[in-house]
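Asks: Below is one structure. I have some questions about it.
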């Protein structure tokens, strides 16, 4: 036994330091406070601790342990498990019986009663154990097929049965029952013929892969193994017509290294010499029918065959090759290859040349002067300007510079057809809305119970559908109806929709009949439309342009003009201007700046599925999409307008 002094600012710190140094708990520490001093801002505590030599302490501990073990061994009962048998040794006098503890895998039954918790047992007790049975050995096979029925896959699982026995345990006062694996029993593996029969039961008879089926017969099984594969169909390839000339008449403009566009680089008319190859047909390759895993034949798709049609100025070199039969400009229009003459005028078109009318292409190297008319059965190209003049062309039109106080009609008869198409489409849309509105008025008795269908229809036309009668009058004035079906439509419009005619309508079926006739006319016009053409202009002022295809403004833009295109209108320069007038297309319009700070009225119009894009739009600019309209009240930029899925107009924009 020894002593040691510890000093600190508090009793707690002294005790903690002593316990840490001696490696004992606080309740084992023997100490005496020998000094405790207090000052104004400081405190001091000293304690004297009695210590025991480490060796003596360990000796005492070991003697206590041995003494306790000796007492336990003499008094308590024990258990051991040997070769699956539980051997119990009873306790001596005053000792406790051995403890036996069940587990999840081993059920314990003592004297016929199941014990779910630890239980004291003696040799006189009847001890039984039940080991949890593992499922019987099992095998399974799942067959799956691909969506196109060209592949079959097998998933094969072999589940073995594991047999368990009690785990041996050395003699102990407490034993937990546990198990260990004794043996494994495997299911029989599938034979090749068995798997083939299973496939037949699933109607899989073609493309069976026997080598892969053998892998399914291995005890390891298979996860997703291809066991049958059909023959894929090989479709015919289409004939291809390879053109040796540019079939798109919209020529690209050249650019310099800085990206500046040279809008005068349209150049000369593309031409060919007699004997030049115009097109070569490359025959498609024949394919092969396929067979699925069920043995069903899969028919190949036949390739598209091209029947070459040639027009004027060309001939067949052989059955697949077309060559030019004269010098001229090659054309591919309405699925026909031809070579047309080019009528070239090196001067201005004026009083000296007279009006120009030519069935082929026309190239004018000068201006078209005031009062002059140029007509072409194909395309017209003007390398300079138009002033107070007219162009009528069935093909593309290009005016490299300015169009002032002039008219351009491109597309020939298609222009008239498109105007008819617009009128019929607009009238049909109004009639469909009229039918729905009449139904609502009648169903909800908004005008009373006794009012007739015709009276409701007339009231709606006069108040809500005023535009409908205007369209009818426009159609009757515009078209001379020669075909019997068109005569029927004209009579219906006069008898049912104009004047007192609506009063004669008895039901919605009569309006539906008119709608169906309009739809037939619309379909006929669409079928008769030729390939759309394109109009390209540098600058447009106080003029009218109509195209059965597209209109492209390559220069500064347009001022107070009317532009109508079937497909799209594009202003190529980001700083181009559309100021005043109307710009109309079905699919898309892309502009630079629309309107002006002074608020000049400018209208941009597209169809219901069309989109409008603009860099800047000033106040008093109107966007029309379908039957929706939006008027800008203040300048905006980065604009995109369209109809959403509900038919509401969306105008994405930022304030300028």
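The values are calculated or read from the model by the stated rules, or taken from the named source; none is laboratory data. Source: prediction; values computed, not measured. With ideal geometry, Cβ positions are generated from the backbone for all residues, glycine too; neighbour counts draw on all protein chains shown.
Asks: Taking residue 414 as the residue in question, decide whether it is within 24 Å of residue 553 (Cα to Cα), touching a helix residue (DSSP H, G or I) at 6+ places or on another chain (Cβ under 9 Å) and modelled with pLDDT under 90.
Replies: So residue 414 fits the description; yes.
Asks: Anything in the range 184-219 that is touching a strand residue (DSSP E or B) at 6+ places or on another chain (Cβ under 8 Å), in a loop (DSSP other than H, G, I, E, B) and either surrounded by 12 or more Cβ atoms within 10 Å (Cβ to Cβ) or on the phi > 0 side of the Ramachandran plot (or both)? List them, or say none.
Replies: 186, 187, 189, 190, 202, 204, 206, 207, 209, 216, 219 - these are the residues of the range 184-219 that are touching a strand residue (DSSP E or B) at 6+ places or on another chain (Cβ under 8 Å), in a loop (DSSP other than H, G, I, E, B) and either surrounded by 12 or more Cβ atoms within 10 Å (Cβ to Cβ) or on the phi > 0 side of the Ramachandran plot (or both).
Asks: Still on this structure, please answer the following. Scan the range 124-175 for residues that are in contact with a helix residue (DSSP H, G or I) (Cβ under 9 Å, 6 or more places away or on another chain) and assigned to a strand (DSSP E or B) and jot them down.
Replies: The answer is 141, 143, 152, 154, 156.
Asks: For the range 499-537, which residues satisfy the criterion of being in a loop (DSSP other than H, G, I, E, B) and either closer than 23 Å to residue 416 by Cβ or not assigned by TED's automatic domain parsing to the domain that holds residue 422 (or both)?
Replies: 529, 530, 531, 532, 533
Asks: Further question on the same structure: With the checklist (1) at pLDDT 95 or above; (2) crowded, with 20+ Cβ neighbours inside 10 Å; (3) within 19 Å of residue 397 (Cβ to Cβ) in hand, flag the one item residue 577 doesn't pass.
Replies: (3)
Asks: Can you pull out every residue in the range 580-602 that is crowded, with 20+ Cβ neighbours inside 10 Å and more than 19 Å from residue 549 (Cβ to Cβ)?
Replies: 581, 593, 594, 595, 602
Asks: Let me ask you something else. Which of the residues that make up the range 226-244 are under 32 Å from the mean Cα position of the chain (by Cα) and either part of a strand (DSSP E or B) or closer than 22 Å to residue 137 by Cα (or both)?
Replies: Answer for the range 226-244, where residues must be under 32 Å from the mean Cα position of the chain (by Cα) and either part of a strand (DSSP E or B) or closer than 22 Å to residue 137 by Cα (or both): 226, 229, 231, 234, 240.
Asks: Of all the strands (runs of 3 or more DSSP E) wholly in the range 338-417, which have at least 3 residues that are surrounded by 24 or more Cβ atoms within 10 Å (Cβ to Cβ) and on the phi < 0 side of the Ramachandran plot?
Replies: The qualifying strands (runs of 3 or more DSSP E) are 361-364, 380-382, 397-404.
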